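The values are calculated or read from the model by the stated rules, or taken from the named source; none is laboratory data. Owing to the predicted nature of the structure, the values given are computational and were not obtained by experimental measurement. Reconstructed Cβ throughout: ideal geometry from the backbone, glycine too, with neighbour counts over all protein chains shown. Surface areas here come from the heavy atoms of the whole protein model, side chains and all, with no ligands, DNA or RNA. Shrake-Rupley method; radii C 1.70, N 1.55, O 1.52, S 1.80 Å.
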Amino acid sequence: MSRDSRFDILFEPVKIGPVTARNRFYQVPHCSGMGYRYPNAEAHLRGMKAEGGWAVVSTQEAEIHPTSDLTPANEARLWDDGDLPALSAVTERIHAHGSLAAIQLVHNGLHVANRFSRMIPLAPSHAVSDSLDPVQARAMDKADITDMRRWYRNAALRAKKAGFDVVYLYAGHDMSVLQHFLSRRHNDRSDEYGGSFENRLRLFREILDDVREAIGDTCALAVRLAVDELMGPSGITCEGEGKDIISALGELPDLWDVNLSDWSNDSQTARFSEEGYQEPYIRFVKSVTTKPVVGVGRYTSPDSMVRVVKQGILDFIGAARPSIADPFLPKKIEEGRIDDIRECIGCNICTSGDNTNVPMRCTQNPTVGEEWRKGWHPETIARSEAPEPALIIGGGPAGLEAARALAQRGVDVMLAEGGGEWGGRVARECRLPGLATWGRVRDWRIGQLSTRVNAELYLHSPLSAADILQYGIPHVAIATGASWRTDGVGRTHRMALDFLSEGILVSPDAILSEGAEAVPSDGPVVVFDDDCFYMGSVLAELLARRGRTVTFVTPESQVSPWSRNTLEQARIQKRLIGLCVEIVTAMALAGRTKDQLELSCVYSGRSRPVDCATLVPVTARLPDETLWLELKAREAEWADAGIKTITRLGDCLAPGLIAAAVYSGHQYARTYQEQVDKDRVPFMREDIARLYGLRSG
Ligand code: ADP
Ligand code: SF4
């Protein structure tokens, strides 16, 4: 297939100062959780993007000095020449596929606590560090400013030595000393670096000049700038100083990469924003500079990409998440394979990797983070040399991905789903408020399966152990999912609560299947959330929108605390407050009377009642393993029936994230005929000793 001519504009080369990008697809800097501690993983991740057709592939932020130490986060580092081999490996893999390599230099200023280096953080003015650490940053004096300029210069020289084509100055996400100097909130200096707009811009200008001189005329110089902090007048705004900065510095860099600050505003999830959500803030940029502009907004539709270029909003289609969900997105557009694009669902499981200091994972792309250590390629899987048929039971994310990837390997695969629709939990969850895009997990896999002649798909096919033994298909995978518990057991209550009788209980599964109607319309509803991620809040939101009086009770001190890792926590809490959901924190379940639940404070044990006609406990799930247990009980019959292996996948093995279910299905498809050696580490590990010269060979 060849590309549709209406997408030609996306494949035009664009000059960035002295270098030229071969097309308009631009992987903007994004963290990966791999960074300096997992250099091979990082290099292979970035190389994969280049192979997939992104003309520019950027690193994550690169700390330029030990006074900018984000430990335990795992970003890129350029503290000294010892960091060069890891970064050279990145540029080599990007260049191998004809793309430009970009690096984002940062001094994190007051954003860091310097937990590892134990050095004092630096800031324009005395300030408490951004984290909760009991650490303060020191106001920089003139000597510090001289040092800072030299550190940027040295880092730029090293970046060039490592082979980067584009060197970035980062003034975004409220994470960089350059943004801190620009900000009236952070900068109350009275010298020539504070006060007036020009004074607050001075350090930025100086460092731009220094870095330009350092990199010479073979590397491009880019700026990543937050044009709006969504804080109104107490922050940078796109009508105010965001615009003034670009107007003042307009032609100095070779490229403007513009976005929103902080990170939670920049990487909004689909629950809170649509594709292209940054356009209202960044559309002015091209009117004040002639330099190419890149911006983001979770663009996955090629038509939207063409539109933003044609409308003169952007020159490059910037992407972090769409490039994670589908590293081959540009290639697929180029080859006219639009239906093959694996669209990002905007769930931010990827950001949770960085926020928990581990290599990232992705709901849609199970191979991300596994490019090096497991050798997984997002587009290709070795065909099975002696394929044996497989039967997959359960058409949720685990079963769908297992079937899809097995079919791709050339295996004859049969997928049986007991219900009347595909997708399992994603089919149900994507009907919840704000989660419609999650249906893409199902849609992409069904789309891919429908093109395979070796895949047979059956709905309305609840299989029993007897059915499976009768079919005698050599490899069987059970992906029958999980159900929410209704006995109160979870993190807080480790034993069943016997006062929870059927009378007042409505399980999350009932709401997922029947909608808000599962909950009686009269009387107050209590959602008890001990799960701590999205489900409790989204059910509360659904019920409140349908006119129920909702109290949200959590043993934690915030609504949905794990969603801090997906950058959603503040938005979720704000939304529930906006819907007049009463939020009760730090409370567990203690007992009940006819119309009330008794809550007890998790610290003091002091109790208080809450009116409750219906309780929705969002605590934990149990695997739906009946089928597995029946088959296990008849294991002696497997061989005679012609069955070699029966394997549990996804939530049926252990309930978890949708991302984990997809990963489980993918893993199965790659290894279904292999004997698992449980004593062996199932992936390659970074050889840190060798990397740092402690061991040769
Ligand atoms: P996962 O997240 O692990 O993929 P889901 O709960 O999303 O799990 O999906 C499990 C699917 O398995 C559901 O759609 C359910 O209807 C289906 N299922 C459960 N038991 C059977 C069975 N015995 N035969 C066929 N399908 C089943
Ligand atoms: Fe998109 Fe979710 Fe994958 Fe992140 S984890 S890239 S938001 S699908």
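Within the stretch 17-28, is even one residue open to solvent by 10 Å² or more (accessible area, probe 1.4 Å) and either acidic (Asp, Glu) or not in a loop (DSSP other than H, G, I, E, B) (or both)?
Within the stretch 17-28 (the criterion being open to solvent by 10 Å² or more (accessible area, probe 1.4 Å) and either acidic (Asp, Glu) or not in a loop (DSSP other than H, G, I, E, B) (or both)), the answer is yes, since at least one residue qualifies.
Could you please find all residues in the stretch 396-428 being touching an Asp or Glu at 6+ places or on another chain (Cβ under 8 Å), among the aliphatic types (A, V, I, L, M) and either assigned to a loop (DSSP other than H, G, I, E, B) or more than 6 Å from ligand 1 (Cβ to nearest atom) (or both)?
Val411, Val413, Met414, Leu415, Ala427
Can you name every residue in the stretch 268-293 that is within 16 Å of ligand 2 (Cβ to nearest atom) and among the β-branched types (Val, Ile, Thr)?
Thr269
Kindly list the number of the only condition in (1) open to solvent by less than 10 Å² (accessible area, probe 1.4 Å); (2) within 19 Å of Ser352 (Cα to Cα) that fails for Pro72.
With (1) open to solvent by less than 10 Å² (accessible area, probe 1.4 Å); (2) within 19 Å of Ser352 (Cα to Cα) applied to Pro72, the lone miss is (1).
Given (1) crowded, with 20+ Cβ neighbours inside 10 Å; (2) over 19 Å from Ala143 (Cα atoms); (3) among the β-branched types (Val, Ile, Thr); (4) more than 31 Å from the chain's Cα centre (by Cα), where does Val223 come up short, assuming only one miss?
Going through (1) crowded, with 20+ Cβ neighbours inside 10 Å; (2) over 19 Å from Ala143 (Cα atoms); (3) among the β-branched types (Val, Ile, Thr); (4) more than 31 Å from the chain's Cα centre (by Cα) one by one, Val223 breaks only (4).
Look through the stretch 91-141, keep the residues that are at pLDDT below 95 and open to solvent by 40 Å² or more (accessible area, probe 1.4 Å), and return whichever of them is nearest to Gln60 (Cα to Cα).
So the residue we want is Asp130.
Please determine, by comparing only the residues of the stretch 251-276 that are part of a loop (DSSP other than H, G, I, E, B) and touching a His at 6+ places or on another chain (Cβ under 8 Å), which one is surrounded by the fewest Cβ atoms within 10 Å (Cβ to Cβ).
Step by step, filter the stretch 251-276, then rank; the result is Asp262.
For the stretch 626-660, which positions are open to solvent by less than 60 Å² (accessible area, probe 1.4 Å) and of a type outside the set (A, V, I, L, M, F, W, C)?
Gly642, Thr645, Thr647, Gly650, Asp651, Pro655, Gly656
Does Gly423 qualify as being closer than 30 Å to Arg545 by Cα, open to solvent by less than 10 Å² (accessible area, probe 1.4 Å) and among the small types (Gly, Ala, Ser)?
Here the answer is yes, as Gly423 does meet what is asked.
Can you tell me which residues in the stretch 130-189 are β-branched (Val, Ile, Thr) and either outside any loop (DSSP other than H, G, I, E, B) or under 18 Å from Trp256 (Cβ atoms) (or both)?
Ile145, Thr146, Val166, Val167, Val177
For Ile333, are the conditions met, namely being farther than 20 Å from Phe272 by Cα and hydrophobic (A, V, I, L, M, F, W, C)? Talk me through it step by step, then tell me what you get.
Working: farther than 20 Å from Phe272 by Cα: yes; hydrophobic (A, V, I, L, M, F, W, C): yes.
When the stated conditions are applied, Ile333 passes them.
Hey, can you tell me all the residues within the stretch 593-621 that are within 20 Å of Ser521 (Cα to Cα) and touching a residue at least 40 places away in the same chain (Cβ under 8 Å)?
Across the stretch 593-621, the qualifying residues are Asp595, Leu597, Val610, Asp611, Cys612, Ala613, Thr614, Leu615, Val616, Pro617, Val618.
Please find, within the stretch 639-661, the residue that is nearest to Gly472 (Cα to Cα) out of those that are more than 9 Å from ligand 1 (Cβ to nearest atom) and assigned to a helix (DSSP H, G or I).
Ranking the candidates gives Ala641 first.
I need the full set of residues from the stretch 80-129 which are among the acidic types (Asp, Glu) and not in a loop (DSSP other than H, G, I, E, B), in order please.
Within the stretch 80-129, Asp81, Asp83, Glu92 qualify.
Look at Pro322 and say whether it is assigned to a helix (DSSP H, G or I), under 17 Å from the mean Cα position of the chain (by Cα) and within 16 Å of ligand 2 (Cβ to nearest atom).
Spelling it out, Pro322 is indeed assigned to a helix (DSSP H, G or I), under 17 Å from the mean Cα position of the chain (by Cα) and within 16 Å of ligand 2 (Cβ to nearest atom).
Taking only pairs six or more apart or across chains, which ones have beta-carbon atoms under 8 Å, a first residue in the stretch 358-370 that is away from ligand 1 (no atom under 16 Å from the Cβ), and a second residue that is of a type in the set (Ser, Thr, Tyr)?
Pro359/Ser32; Pro359/Tyr38; Met360/Ser32; Met360/Thr351; Met360/Ser352; Gly369/Ser32
Those residues that are among the charged types (D, E, K, R) and open to solvent by 10 Å² or more (accessible area, probe 1.4 Å), I need them from the stretch 372-409; list them, please.
Filtering the stretch 372-409 down to residues among the charged types (D, E, K, R) leaves 373-374, 379, 383, 385, 388, 401, 404, 409.
Arg373, Lys374, Glu379, Arg383, Glu385, Glu388, Arg404, Arg409 - these are the residues of the stretch 372-409 that are among the charged types (D, E, K, R) and open to solvent by 10 Å² or more (accessible area, probe 1.4 Å).
Quick one: Arg634 ticks every box in (1) closer than 30 Å to Gly472 by Cβ; (2) without any contact (Cβ under 8 Å) to a residue 40 or more places away in the chain; (3) over 24 Å from the mean Cα position of the chain (by Cα) bar one, so which box is it?
(2)
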